[in-house]
Amino acid sequence: MPRLLAESVDLLFADPPFNLGKAYSSKMNDALEEQEYLNWSKRWLAQAIRLLKPGGAFFLYNLPKWNLRLGDYLAGQLTFRHWIAISMTYRLPIQGRLYPAHYSLLYFVKGSKASIFHPDRLPIETCRHCGGEKHDYGGYKNKMNPRGVNLSDVWDDIPPVRHSKYKRRTANELSLKLLDRVLAMASDPGSMVFDPFGGSGTTYVASELLGRRWLGTELHCADAISRLRHTAGDLEYLRKISLEKNILFKAEALQLRRQNGHRSDRYQIQPNAPAEPRQRTLLLQ
């Protein structure tokens with residue numbers, strides 16, 4: 001990181017080791033003393049801040065335990081935007097404390113204002129049996145944006161990567177849907193994306209397929225290299241994701257609504273409304 005040019009990155013996404021004592025292919029030590037882990041984190045965070053362009057976006061994915069401490073460090077040099085909660089679906093028994101049900105994704109920008117910010121919108125949540133709305137949206141259904149509902153800071157629709165069709169390594173792996181959402185929010189085609197903890201290459205593949213330029217570092221690169229050579233499955237998944245965002249109702253929900261007599265005309269619906277030009281990606285062209 002010290003060898004890269006200062007202020008050369010539009011978006012930096014980092015998913016560092018969580019210091020949980022896991023075994024990695026690189027043989028790195030994932031069981032540091034608490035203060036040693038924090039000191040190491042602050043060293044690479046300082047480099048990350050240096051690399052960001054003014055207005056650039058920084059996303060840090062970690063456990064709340066660590067992001068609480070590291071977020072305070074970042075807030076002294078960057079502008080805090082959001083603490084995004086990424087819901088977990090594991091249900092293992094844990095004694096003596098509340099069940100930890102989310103990962104933390106911190107979102108900061110360099111300077112007072114983000115250079116790029118155009119988050120995706122999501123379809124209205126509907127009953128999977130009848131297609132009816134799950135929420136009343138405060139009685140403002142006739143004022144809903146035809147491209148969908150505002151994205152919130154709680155993301156409960158990010159699936160864990162468990163299926164062998166998508167999982168490339170034994171260690172944890174991030175969902176392509178998460179990176180698709182982050183890239184859509186804080187970058188444009190042609191933007192420079194940097195991920196210092198490449199892992200299985202999720203950030204790199206998403207950037208490649210969505211028309212972003214990218215840089216990355218990793219101690220063990222074999223998983224990422226292999227994935228970048230075989231992107232057909234990832235491309236198929238991204239295409240599926242693109243059909244389920246920036247619309248007011250998913251296609252199957254509209255069909256259920258018609259079958260069960262739910263009115264949809266009050267929403268001024270534009271099914272599969274295209275993204276604004278600045279959000280279009282090479283994937284969809």
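Here are some notes:
- Which numbered condition Lys65 misses (of (1) in a helix (DSSP H, G or I); (2) surrounded by 15 or more Cβ atoms within 10 Å (Cβ to Cβ)): (2)
- Residue tally, condition closer than 23 Å to Val9 by Cβ and touching a residue at least 40 places away in the same chain (Cβ under 8 Å), over the stretch 27-51: 6
- Answer from Ser41, Ser8 - the residue that is surrounded by 12 or more Cβ atoms within 10 Å (Cβ to Cβ), under 24 Å from the mean Cα position of the chain (by Cα), farther than 23 Å from Ser187 by Cβ and among the small types (Gly, Ala, Ser): Ser41
- When restricted to residues that are in a helix (DSSP H, G or I) and of a type outside the set (Lys, Arg), the stretch 68-81 contains 7.
- Enumeration of residues in the stretch 185-211 that are in contact with a strand residue (DSSP E or B) (Cβ under 6 Å, 6 or more places away or on another chain), without any contact (Cβ under 8 Å) to a residue 40 or more places away in the chain and assigned to a loop (DSSP other than H, G, I, E, B): Gly198
- Annotation: Phe18 fulfils all but one of (1) part of a helix (DSSP H, G or I); (2) closer than 17 Å to Ser104 by Cβ; (3) touching a residue at least 24 places away in the same chain (Cβ under 8 Å); the unmet one is (1).
- Residue in the stretch 184-207 that is modelled with pLDDT under 95, surrounded by 19 or more Cβ atoms within 10 Å (Cβ to Cβ), under 25 Å from Leu151 (Cα atoms) and among the hydrophobic types (A, V, I, L, M, F, W, C) present: no
- Count of the stretch 243-256 residues which are part of a helix (DSSP H, G or I), in contact (Cβ under 8 Å) with a residue 60 or more places away in the chain and farther than 13 Å from Gly132 by Cα: 0
- Number of positions in the stretch 87-111 that are surrounded by fewer than 16 Cβ atoms within 10 Å (Cβ to Cβ) and in a loop (DSSP other than H, G, I, E, B): 15
- Filtering the stretch 231-249 for residues that are modelled with pLDDT under 95, aliphatic (A, V, I, L, M), buried (at least 21 other Cβ atoms within 10 Å of the Cβ) and more than 21 Å from Phe18 (Cα to Cα) leaves a non-empty set.
- Residue in the stretch 125-135 that is assigned by TED's automatic domain parsing to the domain that holds Lys177, outside any loop (DSSP other than H, G, I, E, B) and surrounded by 12 or more Cβ atoms within 10 Å (Cβ to Cβ) present: no
The values are calculated or read from the model by the stated rules, or taken from the named source; none is laboratory data. The structure displayed is predicted, hence computed values, not measured ones. Using ideal geometry, Cβ is built from the backbone for each residue, glycine included, and neighbour counts are taken over all protein chains shown.
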